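Down below is the structure, laid out as structure tokens.
The values are calculated or read from the model by the stated rules, or taken from the named source; none is laboratory data. Small disclaimer: the values here were computed from a predicted structure and weren't measured. Every residue, glycine as well, gets a Cβ built from its backbone with ideal geometry; the counts of neighbours run over all protein chains shown. Note: areas computed on protein heavy atoms with side chains; ligands, DNA, RNA excluded. Shrake-Rupley method; radii C 1.70, N 1.55, O 1.52, S 1.80 Å.
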Amino acid sequence: MSFAQVLLQRGKITRGQYEDAKAARQRPGDRLERILIDKGYAQERDVLEIIGEQLSIPVVSLEGAEIDHELLKLIPSKLVHRCGLFPIDRSNGSIRVATSNPFDLYAFDELRMLTGSKIEPVLATEADIQRLIKQYYGVGGQTIEDMLSGEDLEVVSDTDEVSDDEIEAAQEATVVKLVNEILVEAIRDRASDVHIEPYETDLRIRYRIDGVLHTTNVPPEIRRFKHAIISRIKILSDLNIAEKRLPQDGAFNVKAHHRDIDIRVSIIPTAFGEAVVMRILDKQSILLNLTDLGLEGDCLTGYEDLIRRPHGINLVTGPTGSGKTTTLYSALNAIRSNEIKILTVEDPIEYFLEGINQVQVRPKIGLTFAHGLRAFLRHDPDVILVGEIRDLETAEVAINASLTGHLVFSTLHTNDAPSATTRLLEMGIEPFLVTSSVSGIVAQRLVRLICPQCREEYEPDYNNLPPDLELQPGERLFRGAGCRECRDTGYKGRFGIFELLCMTDEIRELIIQRASATEIRRQAMEQGMTLLRQDGLRKVRDGRTTIEEVTRVAKIG
């Protein structure tokens, strides 16, 4: 009985899936169980357990495995990458090797001849093996070796002039593959940004995951190819490959894991070469509802009321990277319908929303936020989104739009909701215009979510807790212990903490008097406003995030 038939017999797959896999087999040597895994019909772990039973090979988990670092030096990385196996440890003259394909006998023979040792295979999932290969041999390790061994690839010198060799090197298949591997790894790890940073003796690659930068392991030889890598990114982004003295911005699109993904590229010249940041915009990740963002309770109810009003300005405030655009898109997604017309002017358009007319700001030809907004008023919109209120001109046009019966959404860079009112006054807006146009202000931050796979309960040190946490004696909190799923960080994913300031007669009176943000905050709290930090600490008590996360992004207030 074949392994696929055992899967069918044990109810791990259906008869239809079994027949579909048989029909998909193109060559007699294609293994049915591999086709079932690739199609998503069968779990690799289930297949490995059946193979292990039949062949008497143990199935192991590589999480937390103690790796023999000296052994890794004996095994060529090219063999590890090519055969998809990983040497774990050695004892009594035998080397224990993890593989997901125990039928590749040639790989075991080659390893036996290279080491002169007996090979003892154990079974592990391909994902576990690839994770260790990247951890210990680096992302793109095999590609780097191919580049080093190729005689037709020249390393580009540090000059300001572009040469045919540089263009040719950037188009080399190995360089293309290396850049692809860097991006695929970043997308697989849910990174929002890829940082490629040149130093005097190193080229560092870091991924921003859940708002925190993580250095990824790459072979040290990669620095020899930094010019070819950056030139490849420039070609993809339609940038000037010869310009190395000025900052450049560009973009390109990729398809990965059956998803359309936009890559925004920023390049700046540094002391040791050009540094690159690639922003990864996954179009599928933006379609969240307001509850998914972290809005709840009175804050959610209040904001839902604001976004369904016929006119007024709704502002979202926070620093760069705090999720303001996602909140605005989610609000538009909640109210869009065939009965209303929505226009947006953005810089840049981060995600395309169906049924909404979106305009890209182009300052070089005079299409600014203010110019686009003026044009919108002649286009019969019901709802307008302005990516950001940056200056007096944009603020005045946005206020005029709200006063003439339009619902306006926009963002401001302030630390909290009350500060947004004083920021508008500092721009030169008259107080009576602020009070008559602004309906509400949301301030937000992003905190990391405790990983659901390794979430554990613990008893905190009650003497060192923040005084505003108000934890009862005996009450316990949660944290992430760290596991493979969260890269041992204890966190996986992010959500928002919020404060909502709704305009009331008392707050309007304070704005007319040009009161400080502190006075406005005090009045809003008396009327029931929950501060950012209070919302965050409430979510700590609910077991969704940690004290450290809330303290990192929200001050005591």
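Descriptive notes on the structure:
- Crossing angle, helix 417-427 versus the chain [Cα axis fit, 0-90 degrees, rounded to tens]: 60
- Angle between the chain longest axis and helix 324-335 axis [Cα atoms, degrees, rounded to 10]: 80
- Shape analysis of the range 285-337 places it in the rounded category; the axes a ≥ b ≥ c from the Cα gyration tensor give an a/c below 1.5.
- Our helix-only sum for the chain, with -39,500 (n - 2.57) per DSSP H run of n ≥ 4 divided by its residues, gives a mean residue ellipticity at 222 nm of -11000 deg cm²/dmol.
- Degrees separating the helix 392-403 axis from the principal Cα axis of the chain, which is the longest one: 70
- Point-charge dipole on Cβ atoms (K/R +1, D/E -1) for the chain, about Cα centre, debye to 20: 880
- Summarising the amide proton neighbourhood of residue 493: residues at separation of 5 or more, or on other chains, whose placed amide H is nearer than 5 Å comprise 449.
- Debye intensity ratio I(q)/I(0), log10, the chain, q values 0.07, 0.09, 0.12 Å⁻¹ (C-alpha model): -0.56, -0.88, -1.26
- The calculated FRET efficiency for residue 430 paired with residue 354, based on their beta-carbon distance and R0 = 56 Å, is about 0.90.
- Three-way shape call for the range 442-486 based on the alpha-carbon gyration tensor, with the a/c threshold at 1.5: oblate
- The H on the amide N of residue 316, modeled in the peptide plane, is under 5 Å from the matching H of 410, 411, 412, 442, each at least 5 residues off or on a different chain.
- Sparse packing (at most 12 other Cβ atoms within 10 Å of the Cβ) combined with a DSSP loop state is found for the following GluC sites (Glu not before Pro) in the range 422-476: 470, 475.
- Gyration tensor (alpha-carbon) shape descriptor, the range 168-279, a/c threshold 1.5: rounded
- Between residue 485 and residue 135, the distance separating the two model label sites (each 7 Å from Cα on the Cα→Cβ line) works out to 1.7 nm.
- Hull shadow area, averaged, the range 226-345 [alpha-carbon convex hull, nm²]: 10.7
- Where Rh is the Kirkwood radius over Cα pairs, Rg/Rh for the range 1-106: 1.03
- Measuring nothing but protein heavy atoms, the accessible surface of the chain at 1.4 Å probe radius is 46 percent carbon and sulfur.
- At most 12 other Cβ within 10 Å, DSSP loop - chymotrypsin sites (Phe, Trp or Tyr not before Pro), the range 286-365: 352
- Candidate cross-link partners of residue 244 among the lysines, defined by an alpha-carbon separation under 19 Å and a same-chain spacing of 8 or more, comprise 226, 234.
- Cβ-isolated cysteines (cut-off 4.7 Å), the chain: 83, 299, 502
- Convex hull (Cα only) mean projected area of the range 308-427, reported in nm² to one decimal: 7.2
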